[in-house]
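Student: What follows is a single structure, and I will ask about it in a moment.
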Amino acid sequence: MVALGGNNRVDRVRSLPFQAGTAAAYGLSKEQALALITLNTAKILGIDKSTGSLEVGKDATLFISGGDALDMLGNKVENAFIQGRTINLDNLHKQLYKRYQEKYGVK
């Protein structure tokens, strides 16, 4: 049983999906790579009865990407849910991007 993890540094945790994508590029299937950051991790932590995969009775903690979630260039998170609750994905970077996009008429 193998999983990917970080040492509580935000930059490492934020890049976990891309680390899994790198593992897929070096021979793991996409499903095996995804398990490195989902079900395998939940099993190692002993919380796989409530999280780690999408099954009836488990917490609905997931995100929806408009592209390949394991690809740094293709990942575009559109929605996120923690225990079934919608997470607000708005942040200062998105607000500034929108402001200057409108100001300079860039699309």
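Student: Determine which single condition His93 fails, assuming it passes every other condition in (1) surrounded by 10 or more Cβ atoms within 10 Å (Cβ to Cβ); (2) out of contact with any Leu (no Cβ under 7 Å at 6 or more places or on another chain).
Tutor: (1)
Student: Return a yes/no flag: does the range 46-64 have any residue that is polar (S, T, N, Q), surrounded by 12 or more Cβ atoms within 10 Å (Cβ to Cβ) and touching a residue at least 24 places away in the same chain (Cβ under 8 Å).
Tutor: no
Student: Let me ask something additional. I want to confirm something. Restricting to the range 1-45 and keeping residues that are among the hydrophobic types (A, V, I, L, M, F, W, C) and over 26 Å from Gly74 (Cβ atoms), which single residue is surrounded by the most Cβ atoms within 10 Å (Cβ to Cβ)?
Tutor: Step one: filter the range 1-45 for residues among the hydrophobic types (A, V, I, L, M, F, W, C), giving 1-4, 10, 13, 16, 18, 20, 23-25, 28, 33-37, 39, 42, 44-45.
Checking which are over 26 Å from Gly74 (Cβ atoms) leaves us with 1, 44-45.
Values: Met1: 8, Ile44: 14, Leu45: 12.
Looking at the filtered set, the residue picked out is Ile44.
Student: Those residues that are among the hydrophobic types (A, V, I, L, M, F, W, C), in contact with a Phe, Trp or Tyr (Cβ under 8 Å, 6 or more places away or on another chain) and not in a strand (DSSP E or B), I need them from the range 53-106; list them, please.
Tutor: Ala60, Ala69, Leu70, Met72, Ile87, Val106
Student: What pairs can you find where one residue is in the range 92-107 and without any contact (Cβ under 8 Å) to a residue 60 or more places away in the chain, the other is assigned to a helix (DSSP H, G or I), and their Cβ atoms are less than 9 Å apart, with a gap of 6+ or different chains?
Tutor: As it stands, the answer is Val106/Tyr100; Lys107/Gln101, since those pairs meet every condition given.
Student: Please indicate, with yes or no, whether at least one residue in the range 76-89 is surrounded by fewer than 12 Cβ atoms within 10 Å (Cβ to Cβ), closer than 19 Å to Phe18 by Cα and among the acidic types (Asp, Glu).
Tutor: yes
Residue-wise test of (1) assigned to a helix (DSSP H, G or I); (2) not β-branched (Val, Ile, Thr).
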site: Pro17; (1), (2): yes, yes
site: Gly21; (1), (2): yes, yes
site: Ala24; (1), (2): yes, yes
site: Gly27; (1), (2): no, yes
site: Ala33; (1), (2): yes, yes
site: Thr41; (1), (2): yes, no
site: Ser50; (1), (2): no, yes
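Laboratory data are not the source of any read-out in this text; all were calculated from the coordinates shown. Worth saying up front: this structure is predicted, and the values here are computed from it rather than measured. Heads up, the Cβs are rebuilt from the backbone with ideal geometry, glycines too, and the neighbour counts pull from every protein chain shown.
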